[in-house]
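The values are calculated or read from the model by the stated rules, or taken from the named source; none is laboratory data. All values derive from a computational prediction rather than experimental measurement. We place every Cβ from the backbone using ideal geometry, glycine too, and count neighbours over all the protein chains shown.
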Amino acid sequence: MTDQAARLVVLVSGSGTNLQALLDAADEPGYGAEIVAVGADRTGIEGLDRAARAGVPTFVERLPDHPDRASWDAALAERIAVHKPDLVVCAGFMKIIGRPTLDAFPVVNTHPALLPSFPGAHGVRDALAYGVRVTGCTVMFADAGVDTGPIIAQATVPVLDGDDERELHERIKVVERALLVETIGRMAREGWSVTGRKVRLGA
Ligand code: GAR
């Protein structure tokens, strides 16, 4: 990208530990990205509190406050655009991003499974139920589908005998936070290119 820090808008729906990892990383000199706003689709979540504690502006755009999905999609894109982001990061944002946002900004998502296996809202539960011995996390571009965009980075996590969904997800999230921080930092500092489904970081 440029010598200036890349402007990130981060979207959250929950506890926001991935957001916190990005906030902490962005405090380090040379990370290459700053979080200019945090958006959410609901109120009363720890992710918004984390942003407030860090002094980062927040906004909330709730689907139930709109007559239909298209109206919410348009409103979300407008709220994001106010902050002029170079990159939008979905960090546990539990909604599909609509065309207005996808057409305006590059959008990166993180998912707690090794895509294309186990997309959707229950990636950890589905991987456990299938009986895989290795799972992990995926950082990918968002597209109009459910976790179908080009893959940017992945990391593996073993499934242990006796794992339940919560335990496995917590172990995945340790790896996921590091992967997200590393990937977003590299994108900000080095840029990227996408050819078909192949993503390459660096000039
Ligand atoms: C993360 O594991 C993220 O991959 C997942 O929600 C968690 C959010 O954790 N997202 C999805 O499952 C999206 N399909 P956090 O709020 O502590 O960052």
| Quick one: in the range 134-163, which of the residues that are over 23 Å from Ala188 (Cα atoms) and within 14 Å of the ligand (Cβ to nearest atom) is surrounded by the fewest Cβ atoms within 10 Å (Cβ to Cβ)? | Gly145
| message | If I filter the range 1-27 down to residues being acidic (Asp, Glu) and modelled with pLDDT of 95 or more, which single residue comes out as nearest to the ligand (Cβ to nearest atom)? | response | Asp24
| task | Determine the pairs where a residue that is in contact (Cβ under 8 Å) with a residue 24 or more places away in the chain and basic (Lys, Arg), located within the range 103-131, has a partner that is within 13 Å of the ligand (Cβ to nearest atom) and not in a helix (DSSP H, G or I) with Cβ atoms under 9 Å apart, the partner being 6 or more residues away or on another chain. | result | Arg125/Phe118
| Which numbered condition trips up Ala52, out of (1) within 16 Å of the ligand (Cβ to nearest atom); (2) part of a helix (DSSP H, G or I); (3) in contact (Cβ under 8 Å) with a residue 24 or more places away in the chain; (4) surrounded by fewer than 21 Cβ atoms within 10 Å (Cβ to Cβ)? | (3)
| So, of the residues in the range 83-97 that are away from the ligand (no atom under 16 Å from the Cβ) and buried (at least 17 other Cβ atoms within 10 Å of the Cβ), which turns out to be nearest to the chain's Cα centre (by Cα)? | Leu87
| With (1) away from the ligand (no atom under 12 Å from the Cβ); (2) among the aliphatic types (A, V, I, L, M); (3) in a helix (DSSP H, G or I) as the list, and Ala127 as the residue in question, which single condition is left unmet? | (1)
